[in-house]
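Only one structure is covered here, and it is reproduced in the block below.
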């Protein structure tokens, strides 16, 4: 039993954090968010380092590392609110890798792993997904229908209409596709979705972590009535609550990433837990961050709102906390049924 | 990251599980009150002791198995899973013994450790006082040297929340020995013999109706100098060792109990056809997430402790989450089962009321939040006018 990272994993984490501290500084994130542009230079750099392909199999052009390593990168990019299409690209790659045919993998994974093409993943109703992160620039789009069937489309096979969301650190679009557009993904779609949920959850953990870090720094600094506001228990206990939520999300996301690699039978349960915990945590922690920043937290000028906004989109992506708790309750009922009939 | 157990850890679990399968305690006494219940737990500890399972975490030289922290956690998971009672001398095994191992003299270790293990001598904890709860260091119980017998101390004061005091031979007592020193510095840690008239034990009836705890009235009790642990004036440090051990092991057993209670509730919901009722499914799923988070965070804390030595203040998060979750769980149980869950004598009514103490005992949630804020997050402490 060892809950810690391996030396290699710690190295990945350290390198990623150092690089993003340098290349995705808040002013740079702001500059791109305000211009509504992806940070193409950063994306190129991350691609050269092989980040988008970290969990893609080596024979498909990736690094062949595990979901834990991918989660580490997702968390760091969430911390930085980096304006790059990393998450949508790895989500698309995950579905194609787990549910695609050899031909589909051959066609798409190399480019996605190398960051030469970017991807997007949307949940559609009758062929239309209302808000798909990363779709405006994606070359490949995966659409999942509510019945958990999925298909892969080249961008030109779909109608992609850019739409502004509250989170301008990433592009978003409405994606619509006719019934016969694209190709069905006929493999393990649920397994792909579960792995996608883990990646999103990890990004949310990073968002929480950064929101808490910024808040702690602020409440130590900001004085009212002659003392740092962080000395007041109304504020410090809120911060403690933020840590509790963050650690709950982190524990469940780590567990889910581990099951994806090492105990896939428990993955459906672990993924639902992680997405529910991380979605709730991120909304609560980033909201608390704004509250603890007081008036300045509500201004455009303070950077804490980028985290709040990303938290909302990720929390809603592939189902919010309530949806995943419902899923979990069904899994528990099934386990109970299995144990009483056994 | 590797969430599987090593072959050695698995062998440890299998051996214990096998032993527990073949060695069940006698049925829990239905009547006879507290005394019968205590005797039942003492007899159970003796069987654990005979098989070498009373305190596997103790070093072999003191009669334990030298179990690693992971094995020790496995031990409590299995004890919880088997639904067997805690040993009668749990406070001696988990708190007193380990404290003596750190601070005791060779003579003290030789004298006191063996009877803790065998349940011949039961231990209790004399820390809290009516006016010293969360602010433990403000305690007022006084110990002064007897002018006529300078190798003896005379102790006067009052202690509260002392569980098992009526069965105890020894009390881990923290008393003020220097009125002049700063409040954390004037304290000394003693082992007080409970078998003297100067110590009166009065049961403290709690909201469940039973008396798990007691008040101690100490009126010129005598303690020989040889029973000072860790040196005069060093009581706060020694007490912290005791408190650090308080949550470490027991946490795993409590977490398993919580899990069992949730499994019982899920089964009760299923029986009533409420498991897919959205009014309850959401709350049950949230409880499941919390239970799993507690388990994962407890294991993570253990990994950190094994890597970096001491358990960190992060353990406060686990205790906080556990106590809050247990309260939510028992409230939901009443919602799901209905008012009959509140019938006196039912296990749910007991669990419901007992859970109310969880956010107070072993560090109130408010104090835990302070610990997290100050020691984990590094936030400044508000200076309170004295």
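Condition check ((1) touching a strand residue (DSSP E or B) at 6+ places or on another chain (Cβ under 9 Å); (2) over 23 Å from residue A:264 (Cα atoms)) across all residues:
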{"site": "A:49", "(1), (2)": "no, yes"}
{"site": "A:63", "(1), (2)": "no, no"}
{"site": "A:68", "(1), (2)": "no, no"}
{"site": "A:74", "(1), (2)": "no, no"}
{"site": "A:77", "(1), (2)": "no, yes"}
{"site": "A:96", "(1), (2)": "yes, no"}
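Does residue A:219 qualify as being under 13 Å from residue A:292 (Cβ atoms) and either modelled with pLDDT of 95 or more or surrounded by fewer than 24 Cβ atoms within 10 Å (Cβ to Cβ) (or both)? Don't jump to the end; show me each part of the working.
Details: under 13 Å from residue A:292 (Cβ atoms): yes; either modelled with pLDDT of 95 or more or surrounded by fewer than 24 Cβ atoms within 10 Å (Cβ to Cβ) (or both): yes.
Considered against the rule, which asks whether it is under 13 Å from residue A:292 (Cβ atoms) and either modelled with pLDDT of 95 or more or surrounded by fewer than 24 Cβ atoms within 10 Å (Cβ to Cβ) (or both), residue A:219 comes out as yes.
Just for region B:269-278: of the residues that are touching a helix residue (DSSP H, G or I) at 6+ places or on another chain (Cβ under 6 Å) and in a helix (DSSP H, G or I), which one is nearest to the other protein chains (Cβ to nearest Cβ)?
B:270
Among the residues of region B:375-386, count how many are assigned to a helix (DSSP H, G or I) and more than 8 Å from chain A (Cβ to nearest Cβ).
Step one: of region B:375-386, the residues assigned to a helix (DSSP H, G or I) are B:375-376.
From the residues that got through so far, the ones that are more than 8 Å from chain A (Cβ to nearest Cβ) too are B:375.
Residues in region B:375-386 being assigned to a helix (DSSP H, G or I) and more than 8 Å from chain A (Cβ to nearest Cβ): 1 in total.
Considering only region B:163-185, state which residues are modelled with pLDDT of 95 or more and either in a strand (DSSP E or B) or buried (at least 18 other Cβ atoms within 10 Å of the Cβ) (or both).
Selection gives B:165, B:167, B:168, B:169, B:170, B:171, B:172, B:173, B:174, B:175, B:176, B:177.
Suppose we keep only residues that are over 21 Å from residue A:47 (Cβ atoms) and surrounded by 13 or more Cβ atoms within 10 Å (Cβ to Cβ) within region A:10-34. Which one would you say is farthest from the other protein chains (Cβ to nearest Cβ)?
Here the answer is A:30.
Is region B:337-348 home to any residue that is in a helix (DSSP H, G or I) and either in contact with a strand residue (DSSP E or B) (Cβ under 6 Å, 6 or more places away or on another chain) or facing chain A (nearest Cβ under 10 Å) (or both)?
So far as region B:337-348 goes, no, none of its residues is in a helix (DSSP H, G or I) and either in contact with a strand residue (DSSP E or B) (Cβ under 6 Å, 6 or more places away or on another chain) or facing chain A (nearest Cβ under 10 Å) (or both).
Mind checking which residues of region A:182-208 are out of contact with any helix residue (DSSP H, G or I) (no Cβ under 6 Å at 6 or more places or on another chain) and either surrounded by fewer than 20 Cβ atoms within 10 Å (Cβ to Cβ) or within 14 Å of another protein chain (Cβ to nearest Cβ) (or both)?
Once the filter is applied, which keeps residues that are out of contact with any helix residue (DSSP H, G or I) (no Cβ under 6 Å at 6 or more places or on another chain) and either surrounded by fewer than 20 Cβ atoms within 10 Å (Cβ to Cβ) or within 14 Å of another protein chain (Cβ to nearest Cβ) (or both), region A:182-208 yields A:183, A:184, A:186, A:190.
Can you run down the residue pairs with Cβ atoms below 9 Å, 6 or more apart or on separate chains, where the first is in region B:261-276 and farther than 16 Å from residue B:347 by Cβ and the partner is exposed (fewer than 14 other Cβ atoms within 10 Å of the Cβ)?
The qualifying pairs are B:270/A:337; B:270/A:340; B:272/B:338.
Among the residues of region B:252-262, are any within 14 Å of chain A (Cβ to nearest Cβ) and modelled with pLDDT of 95 or more?
yes
Tell me whether region A:274-284 contains one or more residues that are closer than 30 Å to residue B:382 by Cβ, more than 18 Å from the chain's Cα centre (by Cα), assigned to a helix (DSSP H, G or I) and at pLDDT 95 or above. Give the derivation first.
Restricting attention to region A:274-284, the residues satisfying the condition of being closer than 30 Å to residue B:382 by Cβ are A:280-284.
Filter once more, keeping what is more than 18 Å from the chain's Cα centre (by Cα): none.
Among the residues of region A:274-284, not one is closer than 30 Å to residue B:382 by Cβ, more than 18 Å from the chain's Cα centre (by Cα), assigned to a helix (DSSP H, G or I) and at pLDDT 95 or above, which makes the answer no.
Of all residues in region A:241-269, how many are in contact (Cβ under 8 Å) with a residue 60 or more places away in the chain and either surrounded by fewer than 22 Cβ atoms within 10 Å (Cβ to Cβ) or within 9 Å of chain B (Cβ to nearest Cβ) (or both)?
Total satisfying the criteria: 7.
Within region B:1-19, track down each residue that is under 30 Å from residue A:252 (Cβ atoms) and part of a helix (DSSP H, G or I). Give the derivation first.
Step one: filter region B:1-19 for residues under 30 Å from residue A:252 (Cβ atoms), giving B:1-14, B:16-17.
The answer is B:7, B:8, B:9, B:10, B:11, B:12, B:13, B:14, B:16, B:17.
Check B:305, B:281 and return the single one that is over 22 Å from residue A:241 (Cβ atoms), at the interface with another protein chain (Cβ under 8 Å from one of its Cβ atoms), part of a helix (DSSP H, G or I) and in contact with a helix residue (DSSP H, G or I) (Cβ under 8 Å, 6 or more places away or on another chain).
Details: B:305 fails: at the interface with another protein chain (Cβ under 8 Å from one of its Cβ atoms).
Going through B:305, B:281 in turn, the sole match is B:281.
Just checking, how many residues over region A:218-240 are more than 8 Å from every other protein chain (Cβ to nearest Cβ) and outside any helix (DSSP H, G or I)?
Matching residues across region A:218-240 total 5.
Which members of region A:48-68 meet the condition of being surrounded by 21 or more Cβ atoms within 10 Å (Cβ to Cβ) and in a helix (DSSP H, G or I)?
A:51, A:52, A:53, A:67, A:68
Yes or no, residue by residue, for (1) in contact with a helix residue (DSSP H, G or I) (Cβ under 8 Å, 6 or more places away or on another chain); (2) within 30 Å of residue B:231 (Cβ to Cβ); (3) part of a loop (DSSP other than H, G, I, E, B); (4) without any contact (Cβ under 8 Å) to a residue 60 or more places away in the chain:
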residue: B:28; (1), (2), (3), (4): yes, no, yes, yes
residue: B:35; (1), (2), (3), (4): no, no, no, yes
residue: B:54; (1), (2), (3), (4): yes, yes, yes, no
residue: B:67; (1), (2), (3), (4): yes, yes, yes, yes
residue: B:86; (1), (2), (3), (4): yes, no, yes, no
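The values are calculated or read from the model by the stated rules, or taken from the named source; none is laboratory data. It should be emphasised that the depicted structure is a prediction, and the values quoted were computed from it without experimental measurement. For neighbour counting, all protein chains shown are included, and Cβ atoms are generated from backbone atoms with ideal geometry for every residue, glycine included.
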